[in-house]
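Below: the structure, in structure tokens.
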2 protein chains.
Amino acid sequence: MDVDSRLLRSFAAVAEEGNLTRAAERLFVSQPALTKQIRQLEQLLGVRLFTRSRAGMALTGPGRALAARTPAVLAAVDTAVRETRSAGRAQARVLRVGFLASAANEATQDIVAEFGRRRPGTRVELRQAAWSNPTAGLADGDVDAALLRLPFPGQDTYRVETLLTEDRVAVLPATHPLADRARLDFAELWDEPFIAAPPTTGSFRDYWLAVEARPADRPVRIGAVTDQPDEWLSAIANGYGIALAPASAARFYARPGVTYVPVDGVAPTSVGVAWAPADDGNPVVGDFVRSCLDVVGAAPTSGPSALPPEGHGPQA
Amino acid sequence: MDVDSRLLRSFAAVAEEGNLTRAAERLFVSQPALTKQIRQLEQLLGVRLFTRSRAGMALTGPGRALAARTPAVLAAVDTAVRETRSAGRAQARVLRVGFLASAANEATQDIVAEFGRRRPGTRVELRQAAWSNPTAGLADGDVDAALLRLPFPGQDTYRVETLLTEDRVAVLPATHPLADRARLDFAELWDEPFIAAPPTTGSFRDYWLAVEARPADRPVRIGAVTDQPDEWLSAIANGYGIALAPASAARFYARPGVTYVPVDGVAPTSVGVAWAPADDGNPVVGDFVRSCLDVVGAAPTSGPSALPPEGHGPQA
DNA sequence: TGCATCCATAACCTGACGGCATGGATGTCG
DNA sequence: CGACATCCATGCCGTCAGGTTATGGATGCA
């Protein structure tokens, strides 16, 4: 006899989709299960939340009232979970750092080593994220900090320090006609099929397809979709398409059958370290960010005062 | 794989009690069930929330983090539920009014009739509450407005208009030596056993025991505890003790075997209409409050501008 | 030493919940 | 106009989550 957050999540999905069937597949449950959940919620509240019709599920007045409150509830739950987990890591003296494949590349080890000198008691737990998770776990509070390619979706809701900038290069199968060129112009690649990240990654996907450097009448062709560096390299080596990558990938992801060629006509790419605003007061995160900046020899873009404080006490 | 609010409520209870056994009985579940719930929550969060010891359950660091967030989450859930239910009543053109037995007494029907003239389309649903529920459902959003004796617990978190004030009288068994007196002084009743409301009602209970009108060295004696007017009258008629009541009870709750005698030395009592601040903009509630004031011939204490607006449109 | 207090564990049982298959209502299109 | 597509509801069934009772182990206390 308690409205639990599972029901609210289901309700929110149905309210957004306006359609039980689509909401059900979004939530990875069957449509009858969702029907029952919504009925249960309605019964629990003693209120009709949707008017059912052929067209789908439309919110009633009470439904709109609930829909207005639901995001706040779910956000409160998520915040609570995130902060609790974060406190757990702090207590265990663990800093969890997420990173995307091809983010920091060879700098990563140096950063961890530098952090180890600053905070000998704290262990860094590195978590590689799939590209379908473009904040590498920052968004769901799974990690305390993340090494990411900039820009990333939702970037302005986090703190970010830029660490380094490098050119983007083309990654071609060794058998490709352009593979032996010393340089390419991106325009030469407009008609090539590209290996892309999953569509759900939005701007991240678009960024690595360089849609902004492409005329409107030459939409990108997708040769394959991959979520992991190995699949990605395999797809390229097998001739399903080409891709863009940071220059450092040529060193870090060298592999027979794959060639890296410098490209003109696309903007360079940056790596940054990101953390949640909630951790602005967290000295462990602060030390990690400082370690990042030290290793790459960068200065804080926003002045040192914007960083979490230094210090060696345990986190509150 | 979702933290549901049931687990959070359990967690909050354990955190407050510091003791599984007591928390379990507060939640009306068995102790092993709570053990499992806490374990499940810990597993879900990947964090140890309590340190178990002979002395009980003590919060860990992460536990404190969660305990700090839990009230906000539960409050958000409750708000969502309350507003949804309220919207449901508005849609159904129902105004639900809670009242405590002995609150408005004979004025109640007149108020409902007057409201019926103002809003012919809206039905008033009266809900009598037990004394153990001293806001008559206002606190849990079960009702849109409530007719209450003033003061009531948590009164300053609601809007209140005072409707009428009357003396308190003593209620005695007809066989009581003092039953045939025309007037009494409260001091004469200091040593009598009283029929009281349940201890959980706090200041409400104390108010009707008139603890403020009693010297510190004459603590009240409790003859019986009741939660309903009928039990209360029976307890008095059967000689378990006496009680104070509003003067109107002499008319409204006349019964053989029970006598009402005016008392000096206790402050008079007031009846008010209360509503939630969230309904300040609700014209239906506004019309109900105005109906109350009209019927008793009172003016708004805080000026008419503090009342919810008048109007005949449906509620938003 | 016996008792009280607290939490954990074991064994068991019920029903909540999800999945599959299907039905009913209602637009749409050839 | 009938076949079809789209949506939501329903019936049936199997599984497991979550509750209960009974009991055990640890530890102060009288």
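Structure notes:
- For the residues of B:5-12, the average number of beta carbons from a partner chain within 10 Å of their own beta carbon is 3.
- Pairwise FRET efficiency - residue B:78 versus residue A:33, Cβ, R0 = 30 Å, nearest 0.05: 0.70
- If R0 equals 45 Å, the separation of the Cβ atoms of residue B:264 and residue A:94 corresponds to a calculated FRET efficiency of about 0.05.
- Two-site label geometry, residue A:187 and residue B:64: point separation in nm, points 7 Å out along Cα→Cβ: 6.4 nm
- The length gained on full extension between residue B:227 and residue B:150, counted as 0.36 nm times the residue separation minus their Cα-Cα distance, comes to 25.9 nm.
- In the range A:83-122, trypsin sites (Lys or Arg not before Pro) in a DSSP loop with at most 15 other beta-carbon atoms within 10 Å: A:93
- Pairs of Cα atoms farther than 16 Å apart, the range B:168-267, %: 51 percent
- The simple Förster model, with R0 at 22 Å and r as the Cβ-Cβ distance, assigns residue A:53 and residue A:25 a FRET efficiency of 0.65.
- Chain B packed on chain A takes about 2400 Å² of accessible surface away from a 1.4 Å probe, both sides summed.
- The slack in the chain from residue B:40 to residue B:255, taken as 0.36 nm per residue of separation less the alpha-carbon distance, amounts to 71.9 nm.
- Of all DSSP beta bridges confined to the protein assembly as shown, the antiparallel ones make up roughly 60%.
- Sequence-separation-based contact order of the range B:5-83, relative, with Cα cut under 8 Å and 6+ spacing, percent: 30 percent
- The heavy atoms of residue B:36 present about 140 square angstrom of accessible area, all protein chains included, probe 1.4 Å.
- Accessible area (Å², 1.4 Å probe, nearest 10) - residue B:252: 90 Å²
- Accessible area in the full protein assembly, largest first, 1.4 Å probe, for B:255, A:123, B:119: A:123, B:255, B:119
- Per-residue 3J(HN,Hα) values for the range B:11-19, derived from phi via the Karplus relation 6.51 cos²θ - 1.76 cosθ + 1.60 with θ = phi - 60°, read 4, 4, 5, 5, 4, 6, 6, x, 6 Hz in sequence order (x marks Gly and Pro).
- 5 angstrom amide H check on residue B:222, placed H, neighbours 5+ away: B:194
- Placing B:27, A:20, B:8 in order of accessible area, with the largest value first and a 1.4 Å probe, yields B:27, A:20, B:8.
- Whole-Hz ³J(HN,Hα) from phi, Karplus 6.51 cos²θ - 1.76 cosθ + 1.60, for the range A:77-91, glycine and proline x: 4, 4, 4, 4, 4, 4, 5, 5, 4, 4, 5, x, 5, 4, 4
- For the range B:1-32, GluC sites (Glu not before Pro) are listed when DSSP marks them as loop and at most 12 other Cβ atoms sit within 10 Å of their Cβ; the list is empty.
- The range A:158-241: trypsin sites (Lys or Arg not before Pro) falling in loop per DSSP and having at most 12 other Cβ within 10 Å: A:183
- Three semi-axes of the equivalent ellipsoid, the protein assembly as shown, Cα gyration tensor, whole Å, largest first: 67, 30, 20
- Surface analysis of chain A yields an accessible area of 45 Å² per residue, using protein heavy atoms and a 1.4 Å probe.
- Taking the protein heavy atoms of the range B:5-83 in the context of the full set of protein chains, the accessible area attributed to carbon and sulfur is 52 percent at 1.4 Å.
- For the peptide B:44-53, the mean number of other protein chain Cβ atoms found within 10 angstrom of a residue's Cβ is 3.
The values are calculated or read from the model by the stated rules, or taken from the named source; none is laboratory data. The shown structure was predicted, so the numbers you read here are calculated from the model rather than taken from an experiment. Cβ: placed from backbone, ideal geometry, glycine included. Neighbour counts: every protein chain shown. Ligands, DNA and RNA are excluded from the accessible area calculation, which covers all protein heavy atoms including side chains. Shrake-Rupley method; radii C 1.70, N 1.55, O 1.52, S 1.80 Å.
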